[in-house]
Amino acid sequence: MYLWVIIATFIAAIFAMNISIRGDIKELYVEPQAQNVVTKLYVQHRAAMNYISKRNRNSTTPGLSYQPGELTADMLEADLPYGFQYDSGVSTYKTWVYCLDKDKLENSGAAALPASCTGGMPADPDDPDPAPVGNCCSGPSTAVYLVTYGCVPAKWRDVRSGKPDGMLLNAMRTTTGFTNGMGYAIDRKELSEIDVKLETIKTKMGVYGQGGEYYQPIPNYIADTSMGGRSFANVCGSSRRHNQDYDPENPQSLDSLYSSCDYCLVYMTPF
């Protein structure tokens, strides 16, 4: 009896090897995975937008305002949908707040500088000394940039360029539509390869939209200035390390190897 079961299993295995792959496997299996990567970026950024919109940037009270720096998973928990995995092990995104001087954003941010910090309100009405930590995002001359970003997952990279492949770019269009400020970070020098007039671009980097439909400059301060940890400059900007810099003869830790990206998915919104 068991012999016949083994023989039948062997015959079925041989038969299965001759069965062609389903014609709709792309729609049923591949596309939903790409859409999941895009949706996670979109949902996390929108949650951060909700977090920002519910707070008064002119306040100096902790918890009622926000400062330049990372918006952590704990900070966004109340605004993220139930079951959202901040770190899925496949795609992880960071969200950072940058506060810039609005008067220094000429040429789309080529000369951007950080906003000056206010002294803060007195912690005690009877104490004339201001609070020790001011609010760097307050004031009418401050422009707030919210940036969510992360490496393009290896599965969705073009094998030759390392850029997001067509499947992932198509997933952006079908999932979120043509969303301004959403795409992948690209260096200015690469724009000549994709027929964009360089004389109109003054910043070093920008967000290249889905299918090349949009290009939004990234202020140089964001692309160049390391704010510690995994800020944009370290992961996706001018301080990032490229994959070709990895030396197999001098192994690095996995955390170091994946701490920066050749290309990043980015969603950037100015306030």
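The values are calculated or read from the model by the stated rules, or taken from the named source; none is laboratory data. Just so it is clear, the structure is predicted and the values come from calculations on it, not from any experiment. A quick note on method: Cβ atoms are made from the backbone with ideal geometry, for glycine too, and the neighbour counts reach across all protein chains shown.
Of all the criteria given as (1) touching an Asp or Glu at 6+ places or on another chain (Cβ under 9 Å); (2) more than 21 Å from Ala233 (Cβ to Cβ); (3) not aliphatic (A, V, I, L, M), the one not satisfied by Gly162 is (2). Set side by side, the residues Ala115, Ala143, Ala73 differ, and just one is closer than 22 Å to Ile222 by Cα and at pLDDT below 75, which is Ala115. The helices (runs of 4 or more DSSP H) falling completely within the range 165-271 that include 1 or more residues that are at pLDDT below 65 and not polar (S, T, N, Q) map to 254-257.
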